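Undergrad: I have a structure I would like to understand better, so I am pasting it below and will then ask my questions one at a time.
The values are calculated or read from the model by the stated rules, or taken from the named source; none is laboratory data. Small disclaimer: the values here were computed from a predicted structure and weren't measured. Quick reminder, even Gly has a Cβ in these numbers, built from the backbone with ideal geometry, and neighbours come from all protein chains shown.
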Amino acid sequence: MTRKRVGILISGRGSNMSTLIEAARSPDYPAEIVGVLSNRAAAPGLATAAAEGIATASLAQSKFPTRDMFEDVMTQTLESWDVDIVCLAGFMRILGDDFVHHWAGRMINIHPSLLPLYKGLHTHERALADGARVHGCTVHFVTPGLDEGAAILQAEVPVLPGDTADSLAARVLIEEHRIYPEALRLLASGKIAAP
Ligand code: GAR
């Protein structure tokens with residue numbers, strides 16, 4: 001088995017990144033994590049990845065004259081790691097069309113809602129404000145429209161009486177950590193492809 005080479009983009013904590021690293025420890029997992037790139041040098045996930053012996057890089061968009069130039073350097077960095085698949089794991093920047101087209105069919109994202117519900121930010125607060133009884137998360141292919149690409153896996157959680165955004169986020173995060181490694185397994189093993 002040739003394992004697919006995966007680069008992960010993060011902006012912060014990196015708990016989803018850690019679950020992908022953990023899954024890839026298994027020799028029969030069809031992907032290996034070869035690099036982690038953050039748009040924030042202070043992202044705690046960078047230190048976690050470095051401690052695992054994984055290559056890391058941080059690139060601040062503010063240091064580049066345009067978003068396209070920033071994203072070109074992101075692509076160069078990922079290609080210097082010979083990446084086959086890009087996983088967005090709490091990467092909190094909207095990506096431009098050129099970058100998205102470059103990685104089309106090879107880039108997936110985890111989003112904390114049952115897409116197409118609650119695209120964008122503050123998903124847990126919005127689900128609570130709506131009185132939703134069910135909430136969850138989605139792994140999907142990345143396309144130019146924000147959080148619009150085809151879903152690969154979803155998981156539901158109940159919204160419970162007394163839930164706060166934090167308690168709901170914690171319940172959803174458990175499911176994120178379960179479905180993200182599974183979705184990457186499906187893509188890396190060729191069992192699914194972008195429509
Ligand atoms: C996760 O809940 C992820 O779904 C969300 O950010 C969190 C990152 O946590 N992503 C988005 O909201 C993307 N729009 P992590 O850094 O611990 O994985």
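Undergrad: Which residue pairs have Cβ atoms under 7 Å apart, sit 6 or more places apart or on different chains, and have a first residue in region 158-174 that is acidic (Asp, Glu) and a second that is crowded, with 16+ Cβ neighbours inside 10 Å and modelled with pLDDT of 95 or more?
TA: These pairs meet every condition: 163/128.
Undergrad: Mind listing just one residue for me: the one in region 89-146 that is among the basic types (Lys, Arg) and away from the ligand (no atom under 11 Å from the Cβ) and, of those, farthest from residue 49 (Cα to Cα)?
TA: This residue is 133.
Undergrad: Sticking with this one: Looking only at region 124-136, filter to residues that are part of a helix (DSSP H, G or I) and without any contact (Cβ under 8 Å) to a residue 40 or more places away in the chain; which one of those is nearest to residue 176 (Cα to Cα)? Working first, answer last.
TA: Kept after step one, since they are part of a helix (DSSP H, G or I), are these residues of region 124-136: 124-129.
Pick out the ones that are also without any contact (Cβ under 8 Å) to a residue 40 or more places away in the chain and you get 126, 129.
Values: 126: 18, 129: 22 Å.
Residue satisfying both the conditions and the ranking: 126.
Rundown of residues vs (1) surrounded by fewer than 17 Cβ atoms within 10 Å (Cβ to Cβ); (2) in contact with a Leu (Cβ under 9 Å, 6 or more places away or on another chain); (3) more than 15 Å from residue 93 (Cβ to Cβ), yes/no style:
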| residue | (1), (2), (3) |
| --- | --- |
| 4 | no, yes, yes |
| 10 | no, yes, no |
| 16 | no, yes, yes |
| 23 | no, yes, yes |
| 35 | no, yes, yes |
| 39 | no, yes, no |
| 43 | no, no, no |
| 54 | no, no, yes |
| 58 | yes, yes, no |
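Undergrad: Okay, next question. Specify the residue that is farthest from the ligand (Cβ to nearest atom); the eligible residues are those in region 1-47 that are under 13 Å from the mean Cα position of the chain (by Cα), assigned to a helix (DSSP H, G or I) and among the aliphatic types (A, V, I, L, M).
TA: 21
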